[in-house]
Structure formats: structure tokens, C-alpha cells
1. Is it the case that some residue within the stretch 204-218 is within 16 Å of the chain's Cα centre (by Cα) and without any contact (Cβ under 8 Å) to a residue 24 or more places away in the chain?
2. Can you confirm whether residue 606 is part of a helix (DSSP H, G or I) and touching a helix residue (DSSP H, G or I) at 6+ places or on another chain (Cβ under 9 Å)?
3. If I go through the stretch 349-382 residue by residue, how many of them are in a loop (DSSP other than H, G, I, E, B) and more than 20 Å from residue 509 (Cβ to Cβ)?
4. Here is a list: 470, 449. Which entry is at positive phi, in the same structural domain as residue 327 (by TED's automatic domain parsing), buried (at least 21 other Cβ atoms within 10 Å of the Cβ) and touching a helix residue (DSSP H, G or I) at 6+ places or on another chain (Cβ under 7 Å)?
5. Exactly one of these conditions fails for residue 128: (1) touching a strand residue (DSSP E or B) at 6+ places or on another chain (Cβ under 6 Å); (2) in contact (Cβ under 8 Å) with a residue 60 or more places away in the chain. Give me its number.
6. Of all the residues that make up the stretch 554-576, how many are closer than 16 Å to residue 518 by Cβ and surrounded by 24 or more Cβ atoms within 10 Å (Cβ to Cβ)?
7. Within the stretch 101-123, identify whether any single residue is part of a loop (DSSP other than H, G, I, E, B) and within 30 Å of residue 640 (Cα to Cα), and answer yes or no.
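The values are calculated or read from the model by the stated rules, or taken from the named source; none is laboratory data. The model shown is predicted, which means the values in this text are computed figures rather than measured ones. Neighbour counts run over all protein chains shown; Cβ positions are idealised from the backbone, glycine included.
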């Protein structure tokens, strides 16, 4: 059918309009597409470039070097050593088992370490490098580098590993590091990404863990380019790490080594302290252990040998061990009684060999008694009855108050593990903790450092330093941090009479130098370095009435673990006090025979700065002392390495 001209015109107009609309839509779509392409290529170019580069560029952490720990003279006691190692990145390796099999044919691998590493590989993110082997030779590393094309994901690396050049001497103070464990991570709310790196080392005990945040440092980063096979092609950029903080201790390595050697063969501890500054010059706990055994993970055999040793080498006796102080506590009882005014400086008390209270007898160590005793003689001969009487007159609370002023029953803030509080009892303490009423017999036992009283060698050293100086001197273990001197706390004068303190000091002088002094055999005879001290013996078991009736067994007739502890505290020189010492010999017997001789020798080393001269000893002991020093295994005193001055 033939259309009319009008219909043809209308149809043509409709097609034209539709074409225009379609063309407009096409142009609009192309315009939007062009704008989006411009946005992606220009405005969002960096974002998409980054997304593309993640396929060929990896970011890796650079572990920082751990801070070095020095003694007071700048001698390293914990440092870092180069460690050649092989690491693998799972996402770059592809078939891990095949790559490891090829690696086995090139370098020897410890099967136990390898098994642990393979477990780590699948527990960690695929981009995290895992150490397969460490402490390899340069030859092994070179072999791996030569065979790199056949070992995708494998990288030879040089890292740092902790080492302790002075071995056992500083083990209890510095502690050790070890690989990060799941337990370590569970204790940290927001762990540092560094801790996710397998076999990364952190402090486990001692100063290494107490100052972990400072010693660790901060990680650096590096951007590396890899090819399609995951092989590292080049390093694109690097942000260097911040090394850990260096720490200098107040401990003198020569004195520390001498103290460890002098206590060898005993279960013992000794603390030497500067009476003016509070600097801890030695903190020896015997026996000790080799901290290097723990750095890579100690073997079951080695660990069992430490934990099953009855002398407890892992236990830091200087701060962690708390013991009845025995007669070393009598200075506190005498001084508290003087301050309370319940006993006069020249007043005497009769000692018949026992003290009767409520139908019970509290015995003196001397069964026949000492007769009439004043304070000086009571300290000199360590008469128990005198101090029983003094304590009964004043009560436990005034004694407890004075003890805290002298640092007993206080947790001293030094950066080592497991610093103990000790225990100085009071009527309030017994009611709150034990739910019991304080009894007069409790006071009698406390008067001679028995009963509930517990102190550590560190606390006894602080007590002795405060007696010597008359000031509330505070112990200090860190001398400087990154070369900046740590502050010395200004010691305030103690709230005690200078005259009363002098009476206590005179009594301690007589203990070491008087004709009837319990430590006379351990006196120092050199001019100008006379020692003032106090012996102590603390019971670890109750003596039954039947044993007392038939004659108490001597300590050397008992099993080792049932023998008394021997203690000794002292300071020297008497006229111008410089150093104080506290020494404990576990189950060593009497303080005069077990603890006083080594304490005297260690104190002499501190005074002379080297092995003491023979003329400092009584003439009849010099040959024995000479032989002893010849048999002792001592490290030569070392000089600080070249580098920044460390005073």
C-alpha cells in the first residue's frame, strides 16, 4: 500500500528522533566511559599502580639490633654476634617440600630444627620469612647462594644472635633471651609485628625481660622486587631500624666473677652494695647456669639437669630467696628497743641459757648461758636472751616499723626477675593474713630473726648499708642508659638517734674484732679496712624436746637439706664505710663458719679492686688463703672495648 506524503514525513521524523536519542545515549556512555578512564588513569593511578606492584614488590621487616648490656666499667656482658642463616618465604617457594629436599642436598640441616621450622611455615602468614637453619658457616651460605635458581623462596641471610661473653657470672642478673612463644604472645595485648617473626628473640628472665621494650629497638622495612617465580631481584628502598638501647649496670664484672668463684660448690648468694650511692656491685647466686643454652632453645637433657639439681641453679638466691635472717636481725631488735626507750644503752640482762614465758622456755644458743649482758656484749656474743627480753618489752609493732625503715619487708625496685617482698610480721599482718591473734611467743621468735620473719640477701645488704651510712640509701642496678647517667636517689637521714646507731656499729665491730666475737676468725687485719659484721644462723627445722634432751644433732650429722642456713652481714672500712655485704649459705651450718669467710673475702676484693693481698688476713690463715686463691678459676679483669667513654 502506497503511503501518503504526510505519513512518509511523519515516519521519517520518528526515525530521526530515535536516531538522535540513540546517538545521544551512545555519546553519553562514551563520555562517562572516558571520564572513568581518565579518573582511573590519572586521579587513581597511584592506587592501581600499588595494586599492580603488590604482585611484584614485597615489604619485609628488618629486625633491629638488640641493645648491648655493659658492666659498670664498659665491659660487655650481653652482646650480639653475626649469625648466618637460611630463611624461606612460603608464597615465593611454591612447593615447599620439594624446595626443602633440594636444600637438604646442599647443606646439612638438623632434622629436629627443620621439623619445628616446617610446622612454623604453615602456622604463619605465607609472606612471613621463616628460619630453616641458623648458625651456619660461610661455606654453607655460599653454596646456597650459588644454587639460588633451583631454590625459589630460599634466601641466605645474615642476622644477629644474642650471646653472653661472661657466661654464668651474670646469668641471674641479665637473664637470657629466647624465641618468641605462643605463651609470650598471649600475654601481650597488641604485639609488635616483630614478634610474629619466627625465632625472633625476646627477653625471658632477668634484666633482658624487664627492659625488653628498650633493649629490643624498632624494626625497619625494605621494599624488594621479585620476579614471576618469586626470586628476589633487587632492593628498591629501605627504612633503617632503630637499634635497641644500650644499658650499663652498676655491677663490677671482676667482683661478680670473684664472688661466683668464691661461692662455688655451695648453694649460696651474696650481695655487695655501695653504702653511699646504693650501687649494687655484685649479686652472686651459686650455682649458676650458662644463659647461652637458652638462646636457641635448651635441650631436654640440659634443662632436666638444672631443674633436678638440689642446689637450684635457676633460682636467684640474692633477690628471690627469702630466709629467716637469724641473728643478723638482732641489730634491728636492739635499735628498736633503744628508740622505744624500753632498754638503756648500758643496761644489762641476765642470761641463764633460757628465757621463760608463759610456762615455756625459749633457749639461748649457749646452753649454759652468757651471764649479765649489755647491748655490746649481746651483739658480740650473739646472746639470744638479751634480745628476747628487749622484744618482749617493746612489742612486735615497734620492731616491725623500724625494720621497714631499714629496708626489710620491702620490695626493692630493681629490674631483675622475681624480686621478693620478704616478710616483717606485725599484729595487723597476722590478723589480716592468718586470721589469728598475735601471741607473746611470736614476738620472742621474731626477736632473733626466726618465726615469721623472712628476708632476702638484697634486703639484708640494704639494711647493713643503712646502718653504716645512717641514711635511707636505695639500691641501684642500672648506672646509665644510652650513656645518660641514671639518677641516684638522694638518701634521707634515718629517723634514729646517731648515738644509738653508733652503739649498734660498735657492737658489730666487736663481732668481727672482739676477743669473744662470733666472727673473729674472719676479721680483716689490714690497717684502715677493719670490718664490722654480724653472724647469723637460721633453723630450717624445729628441735624436738627429745632431741634437746639427748643432745641436739650437729649440723654435719644431718642430711644436707635439714641443716641450718648460715648468714653474715658486714660493712667496711669501719671508720669510713664504703661497701656493705650480705651473704647466705643454704644449709651451711653456722654463720661464723659457713658465711663469714666468703663474705669477708668478697668484701676485701671490693675494697682492693682485685684478689686481696695476703697481709689483709690473720697470719695463721694466709697459707690456706693463698692455696684457695690458686685453686679458684677466675677470669682476668677485662678492659672496655674501644668506643664511647663509659665511666
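1. yes
2. Yes.
3. Number satisfying all stated conditions: 10.
4. Sole residue among the options that is at positive phi, in the same structural domain as residue 327 (by TED's automatic domain parsing), buried (at least 21 other Cβ atoms within 10 Å of the Cβ) and touching a helix residue (DSSP H, G or I) at 6+ places or on another chain (Cβ under 7 Å): 449.
5. Residue 128 satisfies every listed condition except (1).
6. Looking only at that region, the number is 6.
7. There is no residue in the stretch 101-123 that is part of a loop (DSSP other than H, G, I, E, B) and within 30 Å of residue 640 (Cα to Cα).
Residue by residue, here is whether (1) surrounded by fewer than 21 Cβ atoms within 10 Å (Cβ to Cβ); (2) without any contact (Cβ under 8 Å) to a residue 12 or more places away in the chain; (3) touching a strand residue (DSSP E or B) at 6+ places or on another chain (Cβ under 7 Å) holds:
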residue	(1), (2), (3)
240	yes, no, yes
245	yes, no, yes
271	no, no, yes
274	no, no, yes
296	yes, no, no
299	yes, yes, no
311	yes, no, no
